[in-house]
């Protein structure tokens, strides 16, 4: 029975993590804030919902497999909050993006202030613009 539980848990979570497997995600907001403060880094907050979407697939191809991700790897704390059945994560998504439309990405400083405009409209142009913005903000 335990084996079945772990298999079910793996299959449930692998859909979300496999799509962004090149990133060491922090999944606890307070831990991300603590890490950002101690490492003097910004936070790249990624808000998702269980399941897949066209926007998620486009982010996977255009952002999470880009050189930008490698550039950010040692320069930012990666926070991933799944808003499915998580009221706190949903409140954070609304606070930082202005709505609960996901997927969405926001840049946050260690003092919990949003920097610039979050990425909420997912298309090739907005992703490219957001990556340029990130590069200008994260040195």
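Since every read-out is calculated from the coordinates, none of them should be taken as a lab result. In this text the structure is predicted, and so the values were computed from the model without any measurement.
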(request) Over 15 Å, how big is the tail of the calculated P(r) for the range 86-139, in percent of all Cα pairs? (result) 48
(request) Please give the contour-minus-distance gain from residue 23 to residue 64: 0.36 nm per residue of separation, less the Cα-Cα distance, rounded to one decimal in nm. (result) 13.9 nm
